[in-house]
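Some notes on the structure that comes next.
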Amino acid sequence: MDGILVLEDGYFFIGRRFGSVSDNGGEVVFNTSLTGYQEILTDPSYAGQVVTLTYPHIGNYGVNPSDLESKQVQVAGLIVRDHADFPSNWRSEKTLGQWLAETETPGLCEVDTRALVLHLRDNGALRGVIRTLPDTAYDLPLAGHVASIDGETGAALTGLVQEAKDVLSMAGLDLASKVTCKAPYELGDPSARWHVAVMDLGVKTNIVRQLQLAGCRVTVVPAQTSAEDIMALSPHGLMLSNGPGDPEPVSYAIETIRSLLGRLPIFGICLGHQLLALACGARTYKLPFGHRGSNHPVRELNSARIEITAQNHGFAVDAGSLPGSGLMLTHLHLNDDTVAGLRHRKYQAFSVQFHPEASPGPHDSHHLFMRFIDEMERSTSRRRQEQP
């Protein structure tokens, strides 16, 4: 046991280092998905976070280039119970440990992840750092509090607590500008029926893939792109992607969305959902430990249909702020009654807090991409009728 996770509240968890031996830190969160560790690690929504996986055996099917959700590992670190260093899958090209080492991502295994997740659930997401154990720390318990450790080791761990406190807080942090693309790019068949502009706030590959499967040509644009530059592309609709961090500081995107309401059909996912709400005058807030996993039940209020969804977010829309915003509640998270979907009463704009593209997760909500197609069809038909 040569590694340690130290949290800002003084609690620590001992484990064995794998992957990169570099030091790193971030907001420590947990994900309850049973599969999909490669997609989770490359999801830009996890930028700045150390992810704890609750499923105990991680790495057993290795790593392959087809399951990436972005071009690089996005997490600040990975914490697991059992690292399977000998994968058994015909698609595997390297081990998880090899991949993390190549991408300079620190991993920590043989951690009591049950205890860690319970601590995060009870106390909320906490900032933490992954470090190599101090030379003097040869008899530490597997988990404990720094205040109970005396002497030179206690002093060293106290210093690590301060390092955890120095990690930037997710609240008030604009990370969308860090993960967005640098310039626009196009994907899909140029002759496709529909042309969708995707505001890249940290877009996952499978969102673009689902749009293409639905018959769309996609132009991905940086998050800072102005409303007029988006309209100059002549798209049939606008997709607001997922992404990391606090939605409130992403003021540039909020202003753009507000300017485009009523001019294009809009579909928002995750961070895009929150930004649509803010553009309409609603408010957002930080959840204690967020929703991260592929088994979150959501009710669509109009039909009473219940879908099992994939989710990954630390902020949510305040339901009490919806009156006067022009938005109506369409989906409800059944675990805690938080806002899971919205629709504008006047404009063609709707959004969901969950991930209809999944990866990983169930496909219950794939139909929402076809709903977006329907919205673009309605908008196009109306414009034709309005032409002289």
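Structure data summary
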| read-out | value |
| --- | --- |
| Reachable aspartates and glutamates from LYS94, criterion Cα separation under 12 angstrom, eight or more residues apart if same chain | ASP85, GLU102 |
| Top of ASP374, ASP67, ASP200 by mean-square fluctuation, Gaussian network on the chain, Cα under 10 Å | ASP374 |
| Within a Gaussian network of the chain (alpha carbon springs, distance under 10 Å), most fluctuating of GLY341, GLY272, GLY188 | GLY188 |
| Candidate lysines for bridging to LYS182, where Cα separation is under 27 Å - those fewer than 8 sequence places away on the same chain excluded | LYS71, LYS204 |
| Percent RCO, i.e. relative contact order, over the chain, from Cα pairs under 8 Å lying at least 6 residues apart | 15 percent |
| Beta bridges per DSSP with both ends in the chain, % antiparallel, nearest 5 | 60 percent |
| Residue-averaged [θ]222 nm for the chain, counting only DSSP H segments that reach four residues, each worth -39500 (n - 2.57) | -7000 deg cm²/dmol |
| Rounded to the nearest 20 debye, dipole of the chain from Cβ charges on Lys, Arg, Asp, Glu | 1640 debye |
| Percent carbon-and-sulfur accessible area, the chain, ignoring ligands, DNA and RNA, probe 1.4 Å | 50 percent |
| Global form of the stretch 53-116, assessed from the alpha-carbon gyration tensor, a/c cut-off 1.5 | oblate |
| Reachable aspartates and glutamates from LYS178, criterion Cα separation under 12 angstrom, eight or more residues apart if same chain | ASP200 |
| Shape category assigned to the stretch 326-388 from the gyration tensor of Cα positions, a/c cut at 1.5 | oblate |
| Relative contact order %, the stretch 233-360, counting alpha carbon pairs below 8 Å whose residues are six or more apart | 26 percent |
| Cβ-placed point charges (K, R +1; D, E -1), dipole of the stretch 244-326 about Cα centre in debye, nearest 20 | 100 debye |
| For the chain: accessible area per residue (Å², 1.4 Å) | 41 Å² |
| Relative contact order %, the stretch 27-153, counting alpha carbon pairs below 8 Å whose residues are six or more apart | 25 percent |
| Trypsin sites (Lys or Arg not before Pro) restricted to DSSP loop in the stretch 295-377 with at most 14 other C-beta within 10 Å | ARG345, LYS346 |
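The values are calculated or read from the model by the stated rules, or taken from the named source; none is laboratory data. This is a predicted model, so every value here is computed, not measured. FYI the Cβ positions are ideal-geometry reconstructions off the backbone, even for glycines, and counts take in every protein chain you see. Areas reflect the complete protein model, heavy atoms only, side chains present, ligands, DNA and RNA absent. Shrake-Rupley method; radii C 1.70, N 1.55, O 1.52, S 1.80 Å.
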